[in-house]
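Visitor: One structure coming up, written as structure tokens, with questions to follow.
The values are calculated or read from the model by the stated rules, or taken from the named source; none is laboratory data. Small disclaimer: the values here were computed from a predicted structure and weren't measured. Keep in mind that these areas ignore ligands, DNA and RNA; they rest on the heavy atoms of the full protein, side chains included. Shrake-Rupley method; radii C 1.70, N 1.55, O 1.52, S 1.80 Å.
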Amino acid sequence: MPKANVTFQDIGVTVTVPAGTRLIEVSEKIGAGITYGCREGECCTCLTKVISGHEHLAAPSVLEAQVLKDNLAPRHHRLACQAQILGGDIVVKPA
Amino acid sequence: MRAAAPIDQAVAVGNDVHWIGAFDPDLRSFDIILRTANGTSYNAYVVRGSEGVAVIDTVKANFSAGFFRRLESVADYDEISTIVLNHLEPDHSGALPELLRRATRATLHVSHQARPMLKGLFDPEEFADRIVSVGTGDVVGLGDRQLEFFNTPYLHWPDTQCTWLASEGMLFSGDFLGCHYCDERLFNDAVGDFRFSFEYYYAHIMRPFRAYVREALELIEPLPIRTIAPAHGPILRDDPQDYVRRYRALSKSGLHNTTAKTLIVFYISAYGATRRMAEAVAAGAEFASGEVGAAGEVRVSLYDIEGSEPQPFVDLIEEADALMFGSPTINGDAVKPVWDLLSSLTMVDVKGKLGAAFGSYGWSGEAVPMIEDRLRRLKLRVPVPGVKARLTPTADEFAACHELGRQTALHLLGRATPRVIDMSALV
Ligand code: FES
Ligand SMILES: [Fe+2]
Ligand SMILES: [Fe+2]
């Protein structure tokens with residue numbers, strides 16, 4: 001199965017994950033500083049800055065894109081409860 | 001004694017500015033968490049300009065009738081050009097949908113953050129072309145005077161804003177600088193002594209958002225304020241700056257040494273095992289501080305949870321950078337004093353602090369993961385996995401505790417060694 005490396009910059013941890021994993025599944029387990037509210041892509045609590053490798057995340061769904069827009073999220077920001085990892089190296093931190 | 005507000009009549013609070021709110025003297029608890037010894041008020045205001053009328057906030061839904069009668073005593077619905085909601089919580093937005101229906105020419109002004117929340121109040125399609133979202137510096141004109149907006153998020157809702165009427169030196173501050181205090185004499189120089197309500201309101205509503213309070217004060221302190229017109233409690237026209245200064249004092253950090261990082265180890269122990277683990281954790285944290293040398297200092301404190309009520313600990317926690325909790329596992333759970341403390345943490349801002357857990361156990365050891373889980377849910381970072389030890393900790397387990405303290409302190413100092421792990425190693 002294809003793998004990806006996700007680095008949570010705020011705690012200095014890199015995790016090797018199978019493709020298809022959502023950011024939330026990893027970040028919660030390792031105790032990174034990304035925080036969650038609704039966990040359903042509505043509240044924008046989990047806004048995350050993708051420092052590099054944003055192209056390795058699946059494109060945002062219509063819902064996620066709308067929530068990002070409503071909350072005036074800057075470029076390369078994603079909802080960690082939604083964003084799905086495709087492969088490669090990705091570096092993230094809480095927005 | 002000054003007269004109470006007349007029934008169904010608006011009350012002048014400035015030149016062509018009227019209060020049209022409602023009194024709720026029978027309310028005894030607000031949002032479940034707040035006690036309200038003499039009730040509260042829902043303040044709403046009307047501002048008249050040469051070319052338009054603005055309504056700022058409404059009231060809780062069951063007080064709508066009185067609100068509309070007071071509004072009608074000073075304005076016709078056709079004259080209303082602007083409606084402002086400083087935040088959308090139901091105690092202020094209760095009459096909003098009906099007001100939009102009656103004041104058909106009016107445009108609703110809310111913060112950018114409020115926009116996605118409107119669908120919780122009404123079908124936004126119904127008023128689609130009558131909603132404008134605004135941020136700091138945006139203004140809306142009423143002819144000879146204008147309202148200016150300040151985006152002040154999280155005081156106490158994400159969508160909170162304040163509205164400034166420069167011509168009157170009047171700040172419509174929403175819940176900010178308000179309090180639950182019901183007194184029909186309305187103005188701070190006429191009502192009873194409401195200091196405890198003001199302080200209590202700050203402690204329960206604003207304190208968890210202390211950093212945002214400071215940001216809002218940066219915007220508000222430079223204003224030549226003559227009157228603060230909050231959404232609850234007395235209108236502050238006598239020495240309004242005094243209340244702003246009080247917020248500044250309350251929102252300051254209480255710690256004097258601001259360079260050192262603060263790490264607190266809390267523990268509770270039945271037979272002394274968790275206590276000795278706590279001592280090893282604290283020693284590890286001290287050790288890290290020495291290792292890093294002059295570049296970083298961590299001030300470590302060790303407290304027995306049984307030695308105090310939660311409240312003084314909450315004060316300590318608010319100022320601390322890292323919190324470590326030691327609890328034995330009894331009947332498959334952490335013990336009650338630990339949960340009592342952990343359930344008090346919503347009173348302060350703990351988001352982003354470092355957290356960790358440890359403890360001894362007899363045959364299972366659920367306390368450590370349960371505490372870690374709670375810390376994550378409280379939005380702490382928990383970068384170093386906790387340590388459990390069965391009954392009497394072995395030398396290796398004490399070493400693991402020492403390392404837990406050390407690694408947590410290194411994280412605090414930004415000196416932790418980057419780790420690479422495989423997802424399958426995570427439980
Ligand atoms: S947790 Fe609410 S949007 Fe992700
Ligand atoms: Fe509120
Ligand atoms: Fe309120």
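Visitor: Note the buried accessible area between A and B here, summed over both chains, with a 1.4 Å probe, in Å² to the nearest 100.
Guide: Values: alone 5080 and 18900 Å², together 22160 Å².
Protein heavy atoms only, the A-B interface buries about 1800 Å².
Visitor: Determine the equivalent ellipsoid of segment B:261-412 by diagonalising the alpha-carbon gyration tensor, then write out the semi-axes as square roots of 5 times the eigenvalues, largest first, rounded to whole Å.
Guide: Calculated on Cα positions only, the semi-axes equal 21, 19, 13 Å.
Visitor: Something else: Roughly how many Å² of B:Y154 are accessible to a 1.4 Å probe, to the nearest 10?
Guide: Taking all protein chains as shown, B:Y154 has close to 80 Å².
Visitor: In whole percent, and with a 1.4 Å probe on the protein chains, what portion of the accessible area of the protein assembly as shown is carbon and sulfur?
Guide: Roughly 52 percent, rounded to a whole number.
Visitor: Here's a follow-up. Taking N as the number of residues in segment A:3-94, what is its alpha-carbon radius of gyration divided by 2.2 N^0.38 Å?
Guide: 0.95
Visitor: Given the C-alpha centroids of segment B:6-52 and segment B:371-427, what is the distance between them in whole angstrom?
Guide: With segment B:6-52 and segment B:371-427 each reduced to a Cα centre, they are spaced 51 Å.
Visitor: Right, here's the next one. Using the C-alpha atoms of segment B:146-208, what convex hull volume per residue, in cubic angstrom, is computed?
Guide: Output value, Cα hull per residue: 95 Å³.
Visitor: Once a ≥ b ≥ c are taken as the square roots of the eigenvalues of the Cα gyration tensor of segment B:96-200, is the result rounded (a/c under 1.5), prolate (a/b larger than b/c) or oblate (a/b not larger than b/c)?
Guide: Verdict is prolate for segment B:96-200.
Visitor: Right, another one. How many percent of the alpha carbon pairs in segment B:128-182 exceed a separation of 13 Å?
Guide: Result: 64 percent of Cα pairs exceed 13 Å.
Visitor: One-quarter of the Cα convex hull surface for the protein assembly as shown, in nm²?
Guide: Seen from a random direction, the Cα hull of the protein assembly as shown projects 26.6 nm² on average.
Visitor: Another question, then. Of all alpha-carbon pairs in chain B, indicate the percentage at a distance above 43 angstrom.
Guide: Value for chain B: 29 percent of Cα pairs lie more than 43 Å apart.
Visitor: When the Cα centres of segment B:76-111 and segment B:279-337 are compared, how far apart do they sit, in Å?
Guide: That distance is 49 Å.
Visitor: Compare B:S197, B:S269, B:S50 by solvent-accessible area with a 1.4 Å probe and give them largest first, with all protein chains kept in place. Write down the numbers at each step before the final one.
Guide: Working: B:S197 10, B:S269 30, B:S50 75 Å².
Heavy-atom accessible area, descending, gives B:S50, B:S269, B:S197.
Visitor: Sticking with this structure for a sec: Could you tell me whether segment B:30-113 comes out rounded, prolate or oblate from its Cα gyration tensor? Rule is a ≥ b ≥ c as square roots of the eigenvalues, rounded for a/c under 1.5, then prolate if a/b exceeds b/c, otherwise oblate.
Guide: prolate
Visitor: Another one. Stokes-Einstein diffusion coefficient for segment B:11-251 at 4 °C in a medium of 1.567 mPa s, Rh from the Kirkwood formula over Cα pairs: what value in µm²/s? Each step should come with its number before you reach the end.
Guide: Numbers: Rh = 17.5 Å.
Value of D from the Cα-based Kirkwood radius: 74 µm²/s.
Visitor: Moving on. Binning at 10 Å from 0, report for segment B:89-145 what percent of all alpha-carbon pair distances ends up in each bin.
Guide: 19, 55, 25, 2
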